[in-house]
1. In the stretch 117-134, which residues are in contact (Cβ under 8 Å) with a residue 24 or more places away in the chain, within 14 Å of MET29 (Cα to Cα) and either loosely packed, with under 14 Cβ neighbours inside 10 Å or of a type outside the set (D, E, K, R) (or both)?
2. Counting only residues that are over 10 Å from the mean Cα position of the chain (by Cα) and under 17 Å from ILE27 (Cβ atoms), how many does the stretch 103-116 have?
3. In the set GLN38, GLN51, GLN5, which member is at pLDDT 80 or above, polar (S, T, N, Q) and open to solvent by 70 Å² or more (accessible area, probe 1.4 Å)?
4. Cβ-Cβ under 9 Å, sequence separation 6+ or interchain: first residue in the stretch 91-116 and in contact (Cβ under 8 Å) with a residue 40 or more places away in the chain and open to solvent by less than 40 Å² (accessible area, probe 1.4 Å), partner outside any strand (DSSP E or B) and of a type in the set (Ser, Thr, Tyr). Which pairs?
5. Between a residue in the stretch 14-32 that is more than 13 Å from ILE46 (Cα to Cα) and any residue that is assigned to a helix (DSSP H, G or I), which pairs come within a Cβ distance under 7 Å, given they are 6 or more apart or on different chains?
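The values are calculated or read from the model by the stated rules, or taken from the named source; none is laboratory data. Every value quoted in this text rests on a predicted model; they were computed, and no experiment measured them. Cβ placement follows ideal geometry from the backbone for every residue including glycine, while neighbour counts extend to all protein chains displayed. Areas reflect the complete protein model, heavy atoms only, side chains present, ligands, DNA and RNA absent. Shrake-Rupley method; radii C 1.70, N 1.55, O 1.52, S 1.80 Å.
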Amino acid sequence: MTKKQTTADGSYLFQVDILIHAPTNGIAMEQLLRVLNQAKFADYRIQSGIQMGKIIEEELEQAGPSTSLTLTEGLDSRIRGYIQTNKLIRVNVNKGKGVKLSMPCRVVNFDPDQELLTLYHVDEKKVYSVRLNEIDDFFE
């Protein structure tokens, strides 16, 4: 842990690396967010740590242009852009049986093979997994 900056009001900014053992990236992210929220820090920002999907990208690059994704390239790149920029978006989800959700969230992970998104709900401070066929729309 290194001290980065001191302000006149006694605030300090630290940069840390944290290793969490968990069965999935989504569960690890949920554990980290739970600890950070319980600590009642003045503010925090997670700048990196989303490593899932790299193997998929490498396999697609090695397979060449003949590999087809079940998603259109535009939607795939749009979702990956949300992950890379950590952009706050609103996702309208239709869970079926009349249950609809409108979630202000950040996209944490995207699994194109299973067509699964991991979303961090910024108001509830919870992580949700949503299938692409449940999503009605993305709003920036």
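1. Residues of the stretch 117-134 that are in contact (Cβ under 8 Å) with a residue 24 or more places away in the chain, as a first pass: 117-120, 122, 125-130, 132, 134.
Right, trim to within 14 Å of MET29 (Cα to Cα) and you get 117-120, 122, 125-129.
Residues satisfying the conditions are LEU117, THR118, LEU119, TYR120, VAL122, LYS125, VAL127, TYR128, SER129.
2. The total comes to 3.
3. Numbers: GLN51 fails: at pLDDT 80 or above; GLN5 fails: at pLDDT 80 or above.
The conditions single out GLN38.
4. Short answer, once both residue conditions are applied: ASN109/THR24; PHE110/TYR82; PRO112/THR70.
5. Final answer for the pair search is ILE20/ALA28; ILE20/GLN31; ILE20/LEU32; ALA22/ALA28; ALA22/GLN31.
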